[in-house]
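To keep things clear, I will list the structure first and then write my remarks on it.
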Amino acid sequence: MVSGLKHRGPDWSGLYQHGDCYLAHQRLAIIDPASGDQPLFNEDKSIVVTVNGEIYNHEELRKKLAHHKFRTGSDCDVIAHLYEEYGEDFVDMLDGIFSFVLLDTRDNSFVVARDAIGVTSLYIGWGLDGSVWISSELKGLNDDCEHFESFPPGHLYSSKSGGFRRWYNPPWFSEAIPSVPYDPLVLRRAFENAVTKRLMTDVPFGVLLSGGLDSSLVASITARYLAGTKAAKQWGAQLHSFCVGLEGSPDLKAAREVADYLGTVHHEFHFTVQDGIDAIEDVIYHVETYDVTTIRASTPMFLMSRKIKSLGVKMVISGEGSDEIFGGYLYFHKAPDKDEFHRETCRKIKALHQYDCQRANKATSAWGLEARVPFLDKEFINVAMSIDPEAKMIKKDEGRIEKWVLRRAFDDEEHPYLPKHILYRQKEQFSDGVGYSWIDGLKAHAARHVTDKMMFNASFIFPHNTPTTKEAYYYRMIFERFFPQNSARLTVPGGASVACSTAKAVEWDAAWKNNLDPSGRAALGVHLSAYDAETPLSNKPSKVIDSIPRMDFPGVAIQS
């Protein structure tokens, strides 16, 4: 089981046994590579922890724990000592992304927790013998558990109570409509703080740069503040940026321009449609989904991650999460009012762990690469989600396009962060931006492997989340070959969607019900290269893809 997850952290394998309890870890060494091997312990080794993630405020937490003795310089070393001081209530003190298992050998109890949004991946399973299993990926559980499921983000599982409780309770979670006036400087400072805290690293790193607003802002801020950091002293102040796409794709052109503007060392990776098709089975195996949008976008990210890791880079910073927080997807143009706009952003953030977070975490971790996501910083989300949603609404007559509040916050005439046309570039979902012919090729390939007869009987073969297109059917066949258990298929979300909307938002426009497609170009009358409204999307070739990469981290913890 442990060796099956070695791709997530090839730097170290750790195993600990106490009675019938086992903790195993595959480490990708980012902080303190020399001494931070896991499992980690408190002073007398009565508390044992395996962690996947990064704790950005670990230095401040160490000051609160000054009377404790730390064995390593690892950022995750604070967890065992925090538990000693505060018990199970310490989790909200952690500023970062994490999934961990903590074993208290004094009474054989254990605690499991996952970060607020679910940037790190985590699953929980139960065996017929009463055992409880925890793993970063499905493939660590599906052979040994009678039932398994995704571990809910922002939750803690305690063996003492035998159940889950939510430790993350921000004001926006209730979906109440906020009323804080929009202040561009407050938003700018909050995001700059979110980016700069993620420059904490002891290994070579870079930024993912698609040329869209989100990744370009991440690259701009990183380039602006890198000099003078510990990372710059170790690896130099010249920032490296990475982009992937088909030859001549929109993202490659825009990313090259941004890289030239910022002065980064830019790495441009090309792939062909056939390269992507050849990788589909590996992508589904590693990302563990049959969701069409996720697979479309995971494939170029998977191919890019392999190239990045081959250059000796072990960590990247990415722009994941902005579209969910600010209503950046093009279907938000049709939001009926500010209340529904805000509720849809809440729904999107709550579902991130099933889509973009899962994609970015696993597509990068497949090659031992870590991705960090400043837009999903807890403090930044609190600031951004407290803004009166009236300011986020898209109003063409007032010159307000999607994510206007974010664009305006970084529209600095004296010290510009980006060229104006990049700052105000229309949203391209990653799977669209890497090249419009990518999705055409996927659909054509699926049509050669899935017959009309197979589609006719799809509801009998796949009664749960029945695929409605040949592309979806093709992915489902591959997924079921790797993960045939009912528990596995239940971990993948379903439901109607247009241009990456939730099922609820499909109700905003009656025309969408006959044109359901995850591509951004399905936002009829909004995308500059939108499909025409007459022909259902299922009957025409697609020329798109879905929004570029983002993030997570390695390691696996298993508790039995």
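The values are calculated or read from the model by the stated rules, or taken from the named source; none is laboratory data. Predicted model, so just to flag it, every value in this text is computed and none were measured. Ideal geometry is used to build each Cβ from the backbone, glycine not excepted, and the neighbour counts take in all protein chains shown. Surface areas here come from the heavy atoms of the whole protein model, side chains and all, with no ligands, DNA or RNA. Shrake-Rupley method; radii C 1.70, N 1.55, O 1.52, S 1.80 Å.
Selection among 169, 128, 117 by position relative to the dipole of the range 112-184 gives 169 as farthest towards the positive end (Cβ unit charges, Cα centre).
Among 69/230; 139/403; 197/362; 197/350; 253/309; 314/392, which pairs are too far apart, with a Cα-Cα distance over 26 Å? In this structure, 139/403; 314/392 exceed 26 Å between Cα atoms.
Sequence gap at least 6, Cα distance under 8 Å: using those rules, report the relative contact order of the chain to the nearest whole percent. Mind showing how you got there, number by number?
Working: 1220 pairs, mean separation 109.6, N = 560.
Worked out over the chain, it gives 20 percent.
Residue-wise HN-Hα couplings along the range 180-188, as the Karplus relation 6.51 cos²θ - 1.76 cosθ + 1.60 with θ = phi - 60° gives them from phi, are 5, x, 5, 10, x, 6, 4, 5, 4 Hz; Gly and Pro carry x.
Let me make sure I get this right: for the range 113-209, a, b and c are the square roots of the gyration tensor eigenvalues over alpha carbons, sorted descending. Under 1.5 in a/c it's rounded, otherwise prolate if a/b > b/c, else oblate. Which is it? Because a/c hits 1.5 or more and a/b fails to exceed b/c, the range 113-209 counts as oblate. For a test of the definition: using alpha carbon positions, the gyration tensor, and the 1.5 limit on a/c, classify the range 303-448 as rounded, prolate or oblate. It is prolate, given that a/c is not under 1.5 and a/b is the larger ratio. Listed by chain and number, the lysines whose C-alpha is less than 19 Å from the C-alpha of residue 513, apart from same-chain residues fewer than 8 away, are 334, 470, 504, 540. Per-residue packing, averaged as other Cβ atoms within 10 Å, sorts the ranges 273-280, 19-26 into the order 19-26, 273-280, beginning with the highest. If only the Cβ of Lys and Arg carry +1 and only the Cβ of Asp and Glu carry -1, the dipole of the chain around its Cα centre is close to 660 debye. The candidate values are [x] 27.5; [y] 23.7; [z] 24.7; the one derived from this structure for Kirkwood radius over Cα pairs in Å carries the label [y]. If you add up the charges near residue 229, with Lys and Arg at +1 and Asp and Glu at -1, over every other residue whose beta carbon is less than 11 angstrom from its beta carbon, what do you get? Local charge sum for residue 229: +4. Rounded, prolate or oblate for the range 96-167? Axes are the square roots of the Cα gyration tensor eigenvalues, ordered a ≥ b ≥ c, and the cut-off for rounded is a/c under 1.5. Verdict is oblate for the range 96-167. Working from label points 7 Å from Cα in the Cα-to-Cβ sense, the residue 270 to residue 15 distance is 4.6 nm. Of the listed residues 269, 70, 100, the order by accessible area with a 1.4 Å probe, largest first, is 70, 269, 100. Shape summary of the range 329-409, radius of gyration then Dmax from alpha carbon positions: 14.8, 47 Å. Taking each residue as 0.36 nm, the span from residue 444 to residue 6 lengthens on full extension beyond its C-alpha to C-alpha distance by 154.3 nm.
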